[in-house]
Amino acid sequence: MGSDPFDFEGVWLKCALHTHSTESDGDLAPSALVAAYADAGFDVLAITDHWRLTRWRSTSTLVELPAAELSCDIERPGMTCDVLVYGLSSVPDDPGGDERNWMVTEEEHWEQRTFPDLTTAGRFAEEEGAVAYLAHPYWTGMDAEPLLDAEFVAGLEVFNASGELECGRGDSSMVWDAALGAGRPLYGIATDDTHVAHLDVGRAWTSVKAEERSPDAVVDALRAGRFYASSGPVLDAVHRDGSAVEVHCSPCRALVLQMERERGCSVVAGDRGRRDGRVLETDDDGLITRAVLESTWEDPRYVRLKAVDAAGWAAWTNTL
């Protein structure tokens with residue numbers, strides 16, 4: 001599924017794909033948000049205000065990715081979900097959803113309108129030449145079912161740092177695995193979902209391999225799954241050869257191949273760590289920097305890598 005970012009000729013771009021400014025419910029004005037992400041060493045910034053297309057001008061170091069956080073109805077009374085759309089040129093006035101789920105909070109400049117379903121939201125993105133990702137399903141209380149038949153939705157937030165720090169509901173990997181296990185291909189991004197600048201900036205990111213430093217190239221990479229997601233570890237190389245996966249990474253205590261249901265395997269640092277494979281290199285603290293994972297499972301429905309550092313923060317590849 002998708003194209004391999006580690007074998008693709010291009011440039012790695014550190015992307016902030018979910019942020020909010022004072023144009024909706026964020027703490028920082030757009031110019032201050034831009035400065036904060038430039039200072040944090042990011043290459044690409046998407047300001048995803050709620051039902052606002054907040055535009056700014058790319059700088060010499062930071063690329064503007066036009067985007068917004070939109071919403072849609074799901075088949076549960078009173079429930080909605082949010083969709084991040086990248087590469088937008090406009091936001092619709094009437095997306096056609098249930099107006100009982102529309103709301104405005106004037107004091108926070110916060111607004112929600114809804115598409116009638118995920119497919120309609122995804123189709124809008126497709127017609128715009130944009131790409132759509134489901135936002136924070138665990139935080140919203142969603143399971144994988146609405147995604148299974150949804151068209152034009154490329155993936156989901158596997159990790160939302162704001163949701164994790166606020167209430168421990170930032171990791172949506174279980175929803176991702178349920179969809180992959182059911183045969184629905186999806187990519188996984190990681191984001192800050194910045195609202196409170198001194199708490200949220202730089203907690204998670206998506207490392208995209210793009211043809212060039214441009215918004216169109218980033219959208220193409222997000223559409224093709226040419227990236228990995230992280231809240232800490234850096235993945236220098238990941239290569240699969242049949243049942244074996246070789247990984248080069250920043251120091252990690254565990255490397256895990258995720259598969260459907262009870263399948264999967266791992267290499268864990270330390271003398272009590274599981275070793276479904278071989279540790280090839282470690283740092284001075286014994287943390288893994290290079291290893292080969294060797295699976296005994298035949299013909300898994302999908303394989304993706306999760307790398308975990310000493311502090312418990314993770315990185316996730318798309319399916320290998």
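Computed quantities for the displayed model
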item: Near pairs, Cβ below 6 angstrom, 6+ apart or cross-chain, from the stretch 107-125 (under 22 Å from D27 (Cα atoms) and surrounded by fewer than 23 Cβ atoms within 10 Å (Cβ to Cβ)) to any residue that is β-branched (V, I, T) and modelled with pLDDT under 95; result: E111/V104
item: Residue check for R57: under 25 Å from A144 (Cα atoms), assigned by TED's automatic domain parsing to the domain that holds S172 and free of Cβ contacts under 8 Å to residues at least 24 places away in the same chain; result: no
item: Condition met for C72 (within 22 Å of F124 (Cα to Cα), in contact with an Asp or Glu (Cβ under 8 Å, 6 or more places away or on another chain) and in a strand (DSSP E or B)); result: yes
item: Test: residue in the stretch 54-64 that is of a type in the set (K, R) and under 24 Å from L222 (Cα atoms); result: yes
item: Every pair of residues 6+ apart whose Cβ atoms lie under 8 Å, when the first sits in the stretch 296-320 and is without any contact (Cβ under 8 Å) to a residue 60 or more places away in the chain and within 16 Å of G264 (Cα to Cα) while the second is among the hydrophobic types (A, V, I, L, M, F, W, C) and in a loop (DSSP other than H, G, I, E, B); result: W297/M259; P300/M259
item: In the stretch 223-262, residue farthest from A132 (Cα to Cα) [restricted to those that are in contact with a helix residue (DSSP H, G or I) (Cβ under 8 Å, 6 or more places away or on another chain), charged (D, E, K, R) and surrounded by 17 or more Cβ atoms within 10 Å (Cβ to Cβ)]; result: E260
item: Scope the stretch 83-106; condition in a loop (DSSP other than H, G, I, E, B) and in contact with a helix residue (DSSP H, G or I) (Cβ under 6 Å, 6 or more places away or on another chain); matching residues; result: G87
item: Residue list for the stretch 143-186, filter: touching a residue at least 60 places away in the same chain (Cβ under 8 Å) and over 26 Å from W313 (Cα atoms); result: P146, V153, G183
item: Of the criteria (1) charged (D, E, K, R); (2) in contact (Cβ under 8 Å) with a residue 40 or more places away in the chain; (3) out of contact with any His (no Cβ under 8 Å at 6 or more places or on another chain), which one E23 fails; result: (3)
item: Qualifying strands (runs of 3 or more DSSP E) (wholly inside the stretch 178-246; at least 2 residues being in contact with a Gly (Cβ under 8 Å, 6 or more places away or on another chain), under 22 Å from V303 (Cα atoms) and not assigned by TED's automatic domain parsing to the domain that holds H18); result: none
item: Test: residue in the stretch 69-78 that is acidic (D, E), in contact with a Leu (Cβ under 6 Å, 6 or more places away or on another chain), surrounded by 13 or more Cβ atoms within 10 Å (Cβ to Cβ) and at pLDDT 95 or above; result: yes
item: Count - residues of the stretch 147-177 that are part of a helix (DSSP H, G or I) and either closer than 19 Å to R123 by Cα or outside the structural domain of D220 (by TED's automatic domain parsing) (or both); result: 2
item: Subset tally (residues that are buried (at least 24 other Cβ atoms within 10 Å of the Cβ) and modelled with pLDDT of 95 or more) for the stretch 3-46; result: 12
item: Matching entry among L62, L88 (being within 17 Å of A135 (Cα to Cα), surrounded by 16 or more Cβ atoms within 10 Å (Cβ to Cβ) and in contact (Cβ under 8 Å) with a residue 24 or more places away in the chain); result: L88
item: Segments classed as strands (runs of 3 or more DSSP E), wholly inside the stretch 267-320, with at least 1 members that are small (G, A, S), buried (at least 18 other Cβ atoms within 10 Å of the Cβ) and at negative phi; result: 288-294, 304-308, 314-317
item: Candidate set: the stretch 126-137, residues that are free of Cβ contacts under 8 Å to residues at least 60 places away in the same chain and over 17 Å from the mean Cα position of the chain (by Cα); chosen: the one surrounded by the fewest Cβ atoms within 10 Å (Cβ to Cβ); result: E127
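The values are calculated or read from the model by the stated rules, or taken from the named source; none is laboratory data. Note that the coordinates shown come from a computational prediction; the quantities given were computed from them, not determined experimentally. We place every Cβ from the backbone using ideal geometry, glycine too, and count neighbours over all the protein chains shown.
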